[in-house]
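Asks: So that we are looking at the same thing, I have put the structure below in structure tokens.
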Amino acid sequence: MKKIFVLSLIVTLFTSATLFAQDKPKEDKSKRPSPPAIAKGTTKSGTAITIDYSAPSVKGRTVGKEIAPFDGKVWRTGANEATIFEVGKDVTIDGKALPAGKYSLHSIPGAQDWVWIFNKTANPAGPYEYKEAADVIRVNAKTGKAKSFVEKMTFTIDKSGKVVLEWGNISVPFTVK
């Protein structure tokens with residue numbers, strides 16, 4: 001009888017814990033300091049491009065110093081979780097082949113140029129999970145000056161396939177064809 005009671009107690013506790021875990025409300029990501037954003041576009045050739053990212057703010061800091069430092073290290077290109085880059089067709093990024101699919105988008109920020117990294121691990125939780133061995137392609141991009149100061153990191157996609165990250169006073173492009 002004692003064994004049945006103990007077994008019933010264990011099952012009850014397990015069931016309660018499972019139900020409690022399922023009732024936990026999902027985090028409202030829009031209330032984060034770096035809220036989620038999505039850039040979507042379709043090129044003239046019909047290629048759908050989506051970039052799902054969290055948009056950190058400059059908040060009086062300097063891009064290249066306090067945020068996204070120009071130190072030669074891989075950055076997850078955004079905040080909170082990795083930025084996800086998705087294309088609906090096989091494409092080239094600045095001349096390098098990239099198959100259709102989802103990729104985490106990392107970068108190595110620099111004063112004169114950035115390295116864009118398209119990594120096949122499409123949902124790493126942070127930069128500490130980045131594995132260079134999973135890189136599909138890397139492309140170099142010249143850093144330019146933004147037309148005006150941009151407080152929140154922003155990606156834009158135009159019909160020609162030009163993708164641009166603008167943040168603070170910088171602008172960093174790459175082209176999808």
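The values are calculated or read from the model by the stated rules, or taken from the named source; none is laboratory data. This one's a predicted model, so the numbers in the text were calculated from it and none came from an experiment. All Cβ positions, glycine included, derive from the backbone under ideal geometry; neighbour counts span all protein chains shown.
Asks: Does the range 133-155 hold any residues that are of a type in the set (Ser, Thr, Tyr) and in contact with a Pro (Cβ under 9 Å, 6 or more places away or on another chain), and which are they?
Replies: Thr143
Asks: Working only within the range 143-171, note down all residues that are within 23 Å of Thr47 (Cβ to Cβ) and more than 16 Å from the chain's Cα centre (by Cα).
Replies: Across the range 143-171, the qualifying residues are Asp158, Lys159, Ser160, Gly161, Lys162, Ser171.
Asks: Among the residues of the range 16-56, which ones are polar (S, T, N, Q), surrounded by 12 or more Cβ atoms within 10 Å (Cβ to Cβ) and at pLDDT below 95?
Replies: Within the range 16-56, Ser34, Ser45, Ser54 qualify.
Here is a yes/no grid of residues against (1) modelled with pLDDT under 95; (2) surrounded by fewer than 16 Cβ atoms within 10 Å (Cβ to Cβ); (3) among the polar types (S, T, N, Q); (4) farther than 23 Å from Ala146 by Cα:
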| position | (1), (2), (3), (4) |
| --- | --- |
| Ala82 | yes, no, no, yes |
| Val91 | no, no, no, yes |
| Tyr103 | no, no, no, yes |
| Pro109 | no, no, no, no |
| Asp113 | no, yes, no, no |
| Tyr128 | yes, yes, no, yes |
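Asks: Here's something else I'd like to know. Looking only at the range 59-77, which residues are under 18 Å from Arg138 (Cβ atoms) and part of a loop (DSSP other than H, G, I, E, B)?
Replies: Selection gives Ala68, Phe70, Asp71, Gly72, Lys73, Val74, Arg76, Thr77.
Asks: Looking only at the range 125-177, how many residues end up being aromatic (Phe, Trp, Tyr), in contact (Cβ under 8 Å) with a residue 12 or more places away in the chain and within 16 Å of His106 (Cα to Cα)?
Replies: So the answer is 4.
Asks: Check off (1) among the aliphatic types (A, V, I, L, M); (2) farther than 15 Å from Ile38 by Cα; (3) surrounded by 16 or more Cβ atoms within 10 Å (Cβ to Cβ) for Val87 and give me the number that stays unchecked.
Replies: Val87 satisfies all of (1) among the aliphatic types (A, V, I, L, M); (2) farther than 15 Å from Ile38 by Cα; (3) surrounded by 16 or more Cβ atoms within 10 Å (Cβ to Cβ) except (2).
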